[in-house]
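Undergrad: Please read through the structure below; I'll follow up with questions.
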Amino acid sequence: MTCSSGNELPAINRARLMADLETLATFTEPGTPGTTRRFPSAAYMSGRAWLRERMEAAGLRTSIDAGGNLFAMLPGEHELPPLVAGSHTDSVMGGGRYDGALGVLGALEVARCLAGSGIRLHHPLLVADFLAEEANDFGVSCVGSRSLAYGLAPEWLDRSIAGQTLGQALAAMGGNPAGVTAPLLAPGAFAACLELHIEQGPVLEAAGATLGAVSGIVGIRRGTFILSGRPDHAGTAPMALRHDALTAAAELILAVERCARAEPGAVGTVGRLALRPNQSNVVPGEVTLTAEIRHLEPAAIALVWNYVLEAAEAACAERGVTLQLDAHTDAEPAAPPAWLLELVYSVCHGLDPRALVLPSGAGHDTGHLAHLAPAAMIFVPSMGGRSHCPEEYTAPEHLCTGVEALMRAIIAVDRRLA
Ligand code: HGY
Ligand code: MN
Ligand code: MN
């Protein structure tokens with residue numbers, strides 16, 4: 001493929017890309033499985049410091065905005081709103097080394113290739129590491145991309161975990177909590193956004209496809225419930241007189257599974273739970289759990305969520321347990337405009353005739369960036385469809401093909417929007 005300047009496209013430096021992915025994977029919280037780089041851990045901070053050095057070694061000008069987003073700029077021919085290519089470098093507990101990391105390091109590799117080849121885009125290119133994409137104990141995922149698109153609710157910034165507020169954690173990562181209570185950017189501030197990501201599901205692998213153009217990203221409603229019963233002696237408290245918070249929670253958890261199963265295209269999960277006093281001979285007095293429902297349609301999310309609430313309220317009433325919905329967040333479903341999906345798909349198909357168009361069951365920063373600019377994603381396969389676990393794996397040749405597709409999509413979008 002040649003550029004408008006007639007230059008041959010540079011080759012992705014596979015060894016450099018793989019070395020970067022290997023090195024980033026070494027920044028992980030000690031004593032944890034797989035890759036663990038949670039916001040705002042020291043491992044996350046040092047991984048970002050290393051990344052920023054790599055960006056500057058590539059000759060890019062770096063900055064961190066009030067939302068804690070790390071940007072590296074490759075200047076363009078003209079003073080235009082930048083194209084943005086990036087993802088996130090935080091991870092879940094015991095996650096894999098490609099979720100997010102591929103999109104950031106792949107975008108850096110594209111910037112290095114373009115800079116080294118003399119190809120000048122019309123638009124500046126921003127390589128981005130968006131802050132804290134993963135769900136975290138503060139109950140706010142996509143901290144950086146939400147800051148860009150909408151800002152953060154002041155009560156979110158005051159949430160405290162282990163004596164540190166979200167605002168303090170944001171500041172520790174280079175952000176400025178005082179500056180994020182309003183959207184950091186207005187629509188149009190970016191020309192377009194592209195994110196390369198592992199699929200984290202089984203579809204591409206099952207189809208023998210190497211690339212996917214993402215047609216839509218699910219919406220997510222995620223909420224933390226506090227169920228308050230009464231701790232009692234496990235031996236002397238008669239069953240009929242108990243206020244057992246954990247059995248009430250069990251009914252809520254099964255309602256999430258039952259209601260999500262009943263709604264085509266929905267998924268529901270309770271992945272986090274804490275109980276007090278958590279002692280084998282004490283009737284559980286309090287449970288705190290986080291439930292989430294996902295779907296491509298907001299109405300379906302609301303339907304399943306309300307069914308779950310109804311079931312949970314009935315289970316709690318039956319046991320004299322109170323139910324409180326504490327922190328909750330919504331992420332709207334998002335989709336690329338037709339022209340951009342078509343462009344991304346034709347780039348993918350040009351590299352792999354078996355390329356697919358498919359939705360994303362995972363949430364991504366792109367879902368929020370879509371409020372600011374045309375935004376699209378490219379997927380590469382996940383082995384066995386596994387992700388958010390140490391077994392997460394994507395073959396190096398697929399990683400490279402993904403970066404190649406990202407580079408071609410950036411050039412094509414740059415030309416289209418010039
Ligand atoms: O939870 C998600 O879907 C994403 O991996 N953060
Ligand atoms: Mn993830
Ligand atoms: Mn991710």
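Each reported figure results from applying straightforward, stated rules to the coordinates on display, with no laboratory input. Note that this is a predicted model, so its numbers are computed, not measured. Please note: Cβ atoms are built from the backbone with ideal geometry, for glycine as well, and neighbour counts cover all protein chains shown.
Undergrad: Report, to two decimal places, the Cα Rg of segment 220-331 normalised by 2.2 N^0.38 Å (N = number of residues).
TA: Relative to the 2.2 N^0.38 Å estimate, segment 220-331 comes out at 1.10.
Undergrad: Plugging the Kirkwood radius over Cα pairs into Stokes-Einstein for segment 323-382, at a temperature of 25 °C and a viscosity of 0.890 mPa s, what D comes out in µm²/s?
TA: The calculation lands on 183 µm²/s.
Undergrad: For the residue pair Glu77 and Glu56, what label-to-label distance in nm results when each label sits 7 Å from Cα along the Cα-to-beta-carbon direction?
TA: Distance between label points: 3.1 nm.
Undergrad: How do Ile411, Ile253 line up, fewest other C-beta atoms within 10 Å first?
TA: Ile253, Ile411
Undergrad: For segment 220-331, calculate the relative contact order in percent as a whole number, restricting contacts to Cα pairs under 8 Å that are 6 or more residues apart.
TA: 45
Undergrad: Against the longest alpha carbon principal axis of the chain, how many degrees, from 0 to 90 and to the nearest 10, is the axis of helix 101-117 turned?
TA: It is inclined by approximately 10 degrees.
Undergrad: For a footprinting-style exposure proxy, rank Glu109, Glu318, Glu263 by other Cβ within 10 Å, fewest first.
TA: Fewest-to-most ranking of Glu109, Glu318, Glu263: Glu318, Glu263, Glu109.
Undergrad: With runs of 4+ DSSP H residues as the only contributors, calculate the mean residue ellipticity of the chain at 222 nm using -39,500 (n - 2.57) per run, divided by the residue total and rounded to the nearest 500.
TA: Helix-only estimate at 222 nm: -11000 deg cm²/dmol.
Undergrad: Give me the orientation-averaged projected area of the Cα convex hull of segment 169-232, in nm², one decimal.
TA: 10.4
Undergrad: Could I get the Rg over Rh figure for the chain? Both from C-alpha atoms, Rh via Kirkwood, rounded to two places.
TA: Here Rg/Rh amounts to 1.01.
Undergrad: Here's another thing I want to ask about it. Using the Cα centre of segment 53-141 as the reference point, and only Cβ charges (+1 on K/R, -1 on D/E), how large is the resulting charge dipole? Debye, rounded to the nearest 20.
TA: Using Cβ point charges on Lys, Arg, Asp and Glu, segment 53-141 gives about 360 debye.
Undergrad: Next question, about the same structure. For the chain, give the share of DSSP beta bridges that are antiparallel, in percent and rounded to the nearest 5; count only bridges with both residues there.
TA: Expressed as a percentage, antiparallel bridges in the chain total about 70.
Undergrad: Name the residue from Leu399, Gly363, Leu157 whose Cα lies farthest towards the positive end of the charge dipole of the chain, charges +1 on Cβ of Lys and Arg and -1 on Cβ of Asp and Glu.
TA: Towards the positive end, the residue furthest out is Leu399.
Undergrad: For Arg354, Arg230, Arg48, which order do you get if you count the other beta carbons within 10 Å of each Cβ and list the fewest first?
TA: Arg354, Arg230, Arg48
Undergrad: At 7 Å along the Cα-to-beta-carbon direction for both Thr26 and Ala338, put a label point, then send me their distance in nm to one decimal.
TA: 5.0
Undergrad: Compute, for the chain, the length of the dipole vector about the Cα centre, with Cβ point charges of +1 (Lys, Arg) and -1 (Asp, Glu) only. Units Debye, rounded to 20.
TA: Dipole of the chain, to the nearest 20 debye: 320 debye.
Undergrad: Where nothing but the Cβ of Lys and Arg (+1) and of Asp and Glu (-1) is charged, how large is the charge dipole of segment 220-331 around its Cα centre, in debye to the nearest 20?
TA: Roughly 220 debye, rounded to the nearest 20.
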